[in-house]
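To start, the structure under review is shown below, and the notes come after it.
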Amino acid sequence: MRVPSAVRGTPFHERTGPLCQAGNWRRWAGHFAASSYEPTHEHEYQAIRSACALIDVSPLYKYRLSGPGAAALANRVVTRDVDRQDVGRVYYTPWCDAAGKVRDDGTLHRLGASDFRLTSAEPTLTWLHENARGLDVNIEEETERVAALALQGPRSRDLLRRITDGDVAELRYFGVMSARIAGIAAEISRTGYTGDLGYEIWVRAADAIPLWDALTAAGGPFGLAPAGMLALDMARLEAGLLLVDVDFIPAHRAIIEGQKSSPYELGLGWTVSLEASNFVGRAALRAERARPPAWRFRGIALDWESLEAAYATVGLPPQLPGTTLRDSVPLYAGGRQVGYATSRGWSPTLKTYLGLAHLEAESAVVGTALEIEVTVEHRRRRAGATVAKAPFFDPERKRATP
Amino acid sequence: MRATNTYDAIIVGGGHNGLINAAYLARAGLRVVVLERRHLVGGAAVTEEIFPGFKYSVASYVVSLLRPEIIRDLQLARHGLEILPLESTVTPLPNGDYLGRWADHDQTRRDLYRHSPKDAEAYDDFATLMYQLAWAVKPLLGVVPPDPISPGLRDLKTLLMLGRHARGLDEKRFHALFKLGTMSAADYLDEWFESDPLKATMSASGIIGTFLGPRSPGTAYVLLHHYMGEIDGVFRAWGFARGGNGMVSESIASAAKSHGAEIRTGATVERVLTRNGWVHGVVLDDGEELTAKTVVSGVDPKRTFLGLLDPDELPDDFARAIRRFRIRGSSGKVNLSLSEAPEFSCLPGGGPHLRGAFSISPSLDYLERAYDDAKYGGFSHRPYMDIVIPSMIDPGMAPPGRHVMSIFVQYAAFDLKGGWDDAKREAFGDAVVDTLSEYVPNLADSILHRQVLTPLDMQEQLGLTEGNIFHGELTPQQLFFFRPSPAWADYRTPVRGFYQCGSGTHPGGGVCGASGRLAALEILRDLRRRRGAGTTAAPGR
C-alpha cells in the first residue's frame with residue numbers, strides 16, 4: 001500500500017501545473033490551487049472584471065441527491081424553500097445546526113424534479129446522511145468524479161456561446177442547464193464567486209482536460225486568462241461575498257459558542273424561509289427573528305484622508321495591501337469596540353479600501369462612522385471608516401440576460 | 001429671455017475637466033449646463049468607432065493619474081468606469097533585442113540586468129528616491145496654487161503646509177528635486193544609468209506634449225509624474241479605461257447628470273458675455289444666449305482668453321502673458337484597425353508583452369534626431385512612438401481576433417513648413433507605419449483602416465490650440481503658480497464670475513481631472529463667501 005499524498009492536483013492539473021509561472025500554490029481541500037499563474041495577480045483580476053477568466057473550482061465538495069426523497073432532504077437541510085425551486089434553478093443557501101448557527105454555505109442546483117447537486121466548502125456527506133433518515137434518497141459524493149471550472153467575466157457569455165450547443169445566452173442569473181461544450185456533456189450554471197457575469201461548468205473528471213482545451217482554444221479573442229485564488233479573493237470582496245473560515249467559522253468547527261453565527265448575523269436573512277418545511281435550525285431561527293440579532297454583517301469603506309493622516313504621522317503615504325487580507329482587526333465607535341473586520345483589501349475598480357465586518361447591531365446602520373485599527377510602522381493607530389452596503393461593485397451585467 | 005436659459009453655472013467645453021467641474025457643481029446643488037461643440041462629450045478623451053467594429057481612443061489613450069478622490073466622490077465605477085492596468089513597457093531595439101520593464105520586480109530586474117547589471121541595481125535606488133520625491137511633491141497636486149508674491153491668509157497657510165511637508169526632505173533629496181526642476185531628462189538620467197535604451201525610454205515621459213528634446217533643460221521634472229501614482233493608493237495609476245478613454249468622459253457625464261447637470265452637445269460657444277467686469281452668460285454661434293453668474297471655461301487658455309473674450313476686457317499684462325504661454329503642438333496620433341495581432345520580431349508570438357506599451361525609443365540620439373526634424377518645421381521621419389494595443393486587454397475594442405493599435409507619435413510641428421495638407425498627413429502616417437514595420441513585420445499587411453491626426457487636425461477637430469495635448473507645455477516655467485499665468489493660477493480670471501478649469505491650469509496634463517475638481521471647489525468657496533456676505537453678486541456691483 002502506498003501512503004496517500006496529502007495534496008493532489010485537480011483534474012485540470014495537467015494543464016494548470018505548467019501554466020503556473022509564479023510557482024505560487026496553496027491548498028484547497030487537499031488539492032493544489034494556484035494563488036496566481038502569472039508572477040503578479042493583477043492581470044488575472046482584470047481578466048475577471050474586463051474580459052474573462054478561468055478558475056479551477058474542482059476542490060469544492062459536491063453531492064448528488066436523487067430519488068423520491070431528494071427534495072425532502074434538501075428542504076430539511078438548507079434554509080431556503082426548495083418547494084419553490086424550479087428545475088433549472090440554483091439556490092445560494094446556508095445550512096445550519098439545530099441551534100440555527102451556520103455550518104456552511106453553498107449552492108443547490110435543481111437538475112431535475114428529484115435530482116439535486118449540492119456544493120459545499122466543508123465535507124457534508126455525514127450531515128446529509130444524518131438528515132436523510134426515513135427518506136428514500138440516494139446520496140452520492142461526486143467531489144472527485146466531477147470537475148468544475150468557473151468561467152467569469154463580461155466576455156464569458158460571448159466565449160461560451162461559440163462552443164456550446166445549448167442556448168447559453170438565455171440562461172438567467174442562477175439558472176442551470178445541460179449542454180454540450182465542444183461535444184462534452186456538461187452542466188452550466190450562471191453562478192460564480194466574483195459578482196460579475198459568469199458561469200460555472202460541471203463535467204466528468206475524465207472530460208476535464210478536453211474541456212480546458214476547448215475553452216482555452218476558443219478563448220484568445222475574448223481575453224481569456226487563467227486566474228488564481230488571489231484574484232478571486234479581490235473580486236469576491238468587491239462582491240461582498242462571504243468566505244468560510246475567514247468571515248465565519250462553521251458552527252460544527254467552532255470551539256466556543258462566540259465563534260458561531262446565525263444566518264441573520266451574516267446578512268443572510270434573505271435566504272431563511274421560516275415558512276418552509278421544517279429545516280434544521282428553523283425553530284431557533286424563528287425565535288431569533290422575534291428579537292433582532294445582536295450582530296450584523298456589513299461592508300465598510302475606509303476613509304482615505306484619515307488613512308493618509310495616520311501614515312503621515314511617520315512621513316509615509318498609505319501602504320496598501322495588494323491582496324485581500326484575512327486577519328481580523330477591531331472596529332470602534334464612540335471609543336468602544338463595536339465589531340471587527342474579517343476581510344480587507346484595496347479595490348482597484350472602486351479605488352477604495354474596503355472590508356467586510358461583523359458589527360453590533362446599533363453600530364451597523366449604513367453610514368455609521370467607525371474607526372478601524374491600522375498598524376502603521378509597528379504602531380497601532382486608528383483610521384476612519386464608514387459602514388457601507390455590500391456588494392460594493394454590482395454591475396448590471398451580473399444579472400442581465402441579453 | 002426664456003427662464004430655461006438661466007443657469008447657476010455654465011461650463012464651456014465638455015472635456016473631462018469641464019465634466020468633472022460640472023459634476024462637482026451640480027453635486028453641490030447648482031443648476032449647471034455643459035456646452036460641448038462636438039456631437040459627443042469628452043474633448044480629447046473620446047472613443048469613436050470610425051471604422052465599423054473597431055473602437056479608437058481617438059486622441060488620449062491611457063488614463064494617467066486620474067485622481068482617485070474623483071473616482072470615489074463621483075462614484076465613477078458605478079457610472080461605468082473600469083481602469084485596466086498598463087503593466088509593462090517594452091522597447092524593441094534595431095538589433096532584434098528588446099528592453100522590458102514589467103509589473104513584476106524580478107522580471108524587470110532580469111531584463112535590465114541583461115543590458116547592464118549596474119543599471120539593474122541603480123533602477124531600484126532611483127525608484128526609491130523618486131518615490132520619496134513624489135511623496136514630497138504630491139501635496140502640490142491637491143492644492144490651489146498660492147500666490148507667493150502677495151500672499152493672502154490662505155496662501156500663507158498653503159505655503160506653510162508645503163514648507164512643513166518639504167522639511168522632511170534631507171539635503172540629498174532636496175538637491176535631486178532641484179536638479180529635476182532644472183535639468184534635461186537626458187542629463188539627469190545620465191547621472192544614474194548607462195543603458196541607452198533605458199535612458200531614452202525613461203526620458204520620453206519628459207518630452208511628451210512639449211516641443212523639446214530629451215536634451216532640452218526642463219524635461220527632467222515630468223520623470224516624477226511616473227512615480228506619482230504609486231503613492232496615491234492607485235497601484236499602476238497608468239491604465240486603459242475599459243471601452244476606451246471615452247468611457248472616462250462618459251462615466252463622468254453620467255455622474256454629472258445623476259446630480260442634475262444638463263449636457264448639451266452640438267452647442268458652440270461663440271463668446272463669453274461680460275458687463276462691467278462681471279460675467280453674465282454666453283452666446284452660442286446660432287445666436288442663442290444663456291445666462292449665468294458663473295461661467296467656467298474648460299478649453300485651453302488661448303481660446304479662453306483670446307477667443308471667448310475680447311482681450312480688451314483683460315489687463316494688458318495678463319493678455320500678454322497668455323499670448324506668451326507656450327502651447328506648441330508637437331505630437332500626432334495614428335490609430336490602426338488590424339486584421340491580426342501584431343507580431344514584434346523581438347518577442348515573436350503572443351504573450352503578456354502585448355498587453356503593455358511599446359516604446360520606439362532605442363537611444364537618446366534617436367529621440368534627439370526625431371526632434372531635430374521637427375525643430376525646423378518638419379515631422380520626424382523616424383519618430384518616437386508610444387504604442388498600445390487596447391484590444392489585447394479589453395477585447396471589446398475590436399471584433400474577435402482583430403485588434404486596434406493606438407500610436408502616439410512625436411514629433412510633428414504644428415507650423416509645418418508649407419502647411420499641412422492631405423498628402424503631408426499621409427506622408428506622416430507612412431513614416432509611422434514604415435518605422436514601426438521595422439519592428440513589426442506583419443504590420444503593414446494587416447492594416448484594415450488607418451486614422452492619422454496631425455497637430456493641425458487636433459486643433460481643428462478637438463479644439464486643442466496648436467494641437468498641444470496638455471493645453472500648454474508642462475515645463476517648470478508653466479507649472480504651479482505660473483499655470484497659466486502668475487496671479488491668475490487659482491482658477492479665477494480678471495473677469496469676475498469667470499473661471500478656468502482646463503488642463504492649462506494647475507496641475508494640468510493628462511487625464512488627471514484635478515484642475516476640474518479644484519476649480520469647482522474654488523467656485524463653491526466664492527459662492528459661499530458671496531452668500532455669507534449677504535450679497536447676491538449682481539452684475540455691475
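The values are calculated or read from the model by the stated rules, or taken from the named source; none is laboratory data. Just so it is clear, the structure is predicted and the values come from calculations on it, not from any experiment. Reconstructed Cβ throughout: ideal geometry from the backbone, glycine too, with neighbour counts over all protein chains shown.
Would you call B:Ser258 more than 14 Å from chain A (Cβ to nearest Cβ) and within 23 Å of B:Glu69 (Cα to Cα)? Yes: the conditions hold for B:Ser258. Based on what the data block shows, is A:Glu44 within 14 Å of another protein chain (Cβ to nearest Cβ), surrounded by 24 or more Cβ atoms within 10 Å (Cβ to Cβ) and part of a loop (DSSP other than H, G, I, E, B)? Judged against the criteria, A:Glu44 is not a match. In the range A:321-333, the residues that are away from chain B (no Cβ under 14 Å) reach residues that are exposed (fewer than 15 other Cβ atoms within 10 Å of the Cβ) and of a type in the set (A, V, I, L, M, F, W, C) with C-beta atoms within less than 9 angstrom, at least six apart or across chains, in these pairs: A:Ala333/A:Ala369. If you go through the range A:346-359 and keep only what is within 14 Å of chain B (Cβ to nearest Cβ) and on the phi < 0 side of the Ramachandran plot, you end up with A:Trp346, A:Ser347, A:Pro348, A:Thr349, A:Leu350, A:Thr352, A:Tyr353, A:Leu354. For the range B:105-126, filtering for residues that are out of contact with any Pro (no Cβ under 8 Å at 6 or more places or on another chain) and either among the aromatic types (Phe, Trp, Tyr) or within 14 Å of another protein chain (Cβ to nearest Cβ) (or both) leaves 8. Within this structure, A:Ala53 passes the test of being under 29 Å from B:Ala77 (Cα atoms), within 14 Å of another protein chain (Cβ to nearest Cβ) and not in a helix (DSSP H, G or I). Step by step: first the residues of the range A:367-389, then only those that are more than 14 Å from every other protein chain (Cβ to nearest Cβ) and among the small types (Gly, Ala, Ser), then the one that is nearest to A:Tyr199 (Cα to Cα). Which residue is that? Checked the range A:367-389; the qualifying residue nearest to A:Tyr199 (Cα to Cα) is A:Gly367.
So for the range A:22-29 (the condition being within 14 Å of another protein chain (Cβ to nearest Cβ), surrounded by fewer than 22 Cβ atoms within 10 Å (Cβ to Cβ) and not in a loop (DSSP other than H, G, I, E, B)), does at least one residue qualify? Looking through the range A:22-29, at least one residue is within 14 Å of another protein chain (Cβ to nearest Cβ), surrounded by fewer than 22 Cβ atoms within 10 Å (Cβ to Cβ) and not in a loop (DSSP other than H, G, I, E, B).
Looking only at the range B:188-238, count how many residues are at pLDDT below 85 and either over 22 Å from B:Tyr98 (Cβ atoms) or part of a loop (DSSP other than H, G, I, E, B) (or both).
As a first pass, look at the range B:188-238 and keep what is at pLDDT below 85: B:222-238.
Keeping just the survivors that are either over 22 Å from B:Tyr98 (Cβ atoms) or part of a loop (DSSP other than H, G, I, E, B) (or both) gives B:222, B:224-225, B:227-238.
Total meeting the criteria: 15.
Do you know which residues across the range B:426-451 are over 20 Å from B:Asn95 (Cβ atoms) and among the acidic types (Asp, Glu)? Of everything in the range B:426-451, those that are over 20 Å from B:Asn95 (Cβ atoms) and among the acidic types (Asp, Glu) turn out to be B:Glu426, B:Asp430, B:Asp445.
For the structure I just gave you, tell me whether A:Leu111 is farther than 20 Å from A:Pro59 by Cβ, in a strand (DSSP E or B) and either in contact with a Pro (Cβ under 6 Å, 6 or more places away or on another chain) or not small (Gly, Ala, Ser) (or both). In short, yes.
Looking across the range A:286-319 at every residue that is within 12 Å of another protein chain (Cβ to nearest Cβ) and not in a loop (DSSP other than H, G, I, E, B), the one that is surrounded by the most Cβ atoms within 10 Å (Cβ to Cβ) is identified as A:Leu302.
Comparison of B:Val283, B:Val272 shows that the only residue that is touching a residue at least 40 places away in the same chain (Cβ under 8 Å), over 23 Å from B:Gln75 (Cβ atoms) and away from chain A (no Cβ under 14 Å) is B:Val272. From the list A:Arg162, A:Arg157, the one residue that fits, being closer than 26 Å to A:Ala235 by Cα, within 14 Å of chain B (Cβ to nearest Cβ), surrounded by fewer than 21 Cβ atoms within 10 Å (Cβ to Cβ) and touching a residue at least 12 places away in the same chain (Cβ under 8 Å), is A:Arg162.
Selection within the range B:110-133: residues that are of a type in the set (A, V, I, L, M) and modelled with pLDDT of 95 or more. The member of this set that is nearest to B:Leu180 (Cα to Cα) is B:Ala122.
Annotation: of all residues in the range B:417-431 being of a type in the set (Gly, Ala, Ser) and surrounded by fewer than 18 Cβ atoms within 10 Å (Cβ to Cβ), the one that is farthest from B:Ala374 (Cα to Cα) is B:Ala423.
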